[in-house]
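Have a look at the structure below before the remarks.
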Amino acid sequence: TKLLNLSIIDAPDNVAEALNLKPGEKCIYIFRIRYADSEPNVIVQTWLPYNSCQFIIQHDLEKESLYSILSKREDTRVNHINRLMEAVSANAEDAKLLEIDLGRPIHLFTSIGYNPAGAPIEFSTAHYRGDRNRFEVDLYYTPPGTEKD
C-alpha cells in the first residue's frame, strides 16, 4: 500500500450525507493505492469523521490496516458495511494510477462502514482494475415469515 494523501478537509456534500455530518464538517481524507505482484491493483479514497477518528492520523497507513486501527476503539470499529458494486470506465486518474488505458472497464465499489451502534464511521470508494480482479458474492435468502427471533 502506498499513501498518496492523508489530510483533514471539509466534508464534501456526498461525504457529509454518507457519514451523517453537517455540510463542511471536518473529516479525514485518505487516498491510497494498493499493489498486487508489484502492479497497481486498486485505488481507494476513504473519508472518516474527524471528531471520532482523529487518532488514526498517528498511525502508519502504509503498514497498518485501517480496519485494524479503527477496531482499537468500540465506537470506531466497523462491523457492518453497505457496499455498492458497479462496472464503470476508467477516468484519466484511474488510467494513470492503475497503469491502464483510459476508458478500460474497472470495478467501482462505494462503501459505508457502520460501527456496532449503527453509526456510519467510514465512507469509501475503491477503483479496482477490471482485468486483474473478480469478486464472489455469497447470498442467503430467508423466506418471509421464517425469520428466527
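The values are calculated or read from the model by the stated rules, or taken from the named source; none is laboratory data. Since this is a predicted model, take the numbers as computed values, not measurements. Ideal geometry is used to build each Cβ from the backbone, glycine not excepted, and the neighbour counts take in all protein chains shown. All accessible areas refer to the heavy atoms of the entire protein, side chains included, with ligands and DNA or RNA removed. Shrake-Rupley method; radii C 1.70, N 1.55, O 1.52, S 1.80 Å.
Worth pointing out:
- Placing unit charges on the Cβ atoms only, positive for Lys and Arg and negative for Asp and Glu, gives the stretch 4-107 a dipole magnitude near 320 debye about its Cα centre.
- Counting lysine pairs in the chain whose alpha carbons fall under 30 angstrom apart, excluding pairs fewer than 8 residues apart on the same chain, gives 10.
- With every protein chain in place, the chain: carbon and sulfur % of accessible area (1.4 Å): 47
- Per-residue 3J(HN,Hα) values for the stretch 106-123, derived from phi via the Karplus relation 6.51 cos²θ - 1.76 cosθ + 1.60 with θ = phi - 60°, read 10, 9, 10, 10, 10, 10, 10, x, 10, 7, x, 7, x, 8, x, 10, 8, 10 Hz in sequence order (x marks Gly and Pro).
- Ligands, DNA and RNA are left out, and with a 1.4 angstrom probe the accessible area of the stretch 1-78 is 54 Å² per residue.
- Overall size of the stretch 53-110 from C-alpha positions, given as principal axis extents largest first: 41, 25, 15 Å.
- Packing here is the average count of other Cβ atoms within 10 Å per residue, and on that basis the peptides 102-109, 56-63, 88-95, 27-34, highest first, run 27-34, 102-109, 88-95, 56-63.
- Theoretical FRET efficiency, 1/(1+(r/R0)^6), r = Cβ-Cβ of Tyr35 and Ile9, R0 30 Å, to 0.05: 0.75
- If R0 equals 41 Å, the separation of the Cβ atoms of Lys72 and Ala92 corresponds to a calculated FRET efficiency of about 0.65.
- Computed over the chain, relative contact order equals 21 percent, with contacts defined as Cα pairs under 8 Å that lie 6+ residues apart.
- The computed percent of Cα pairs over 23 Å apart for the structure shown corresponds, within (1) 37; (2) 43; (3) 29, to (2).
- The packing ranking of peptides 110-122, 75-87, highest mean first, is 110-122, 75-87, where packing means the average number of other beta carbon atoms within 10 angstrom of each residue.
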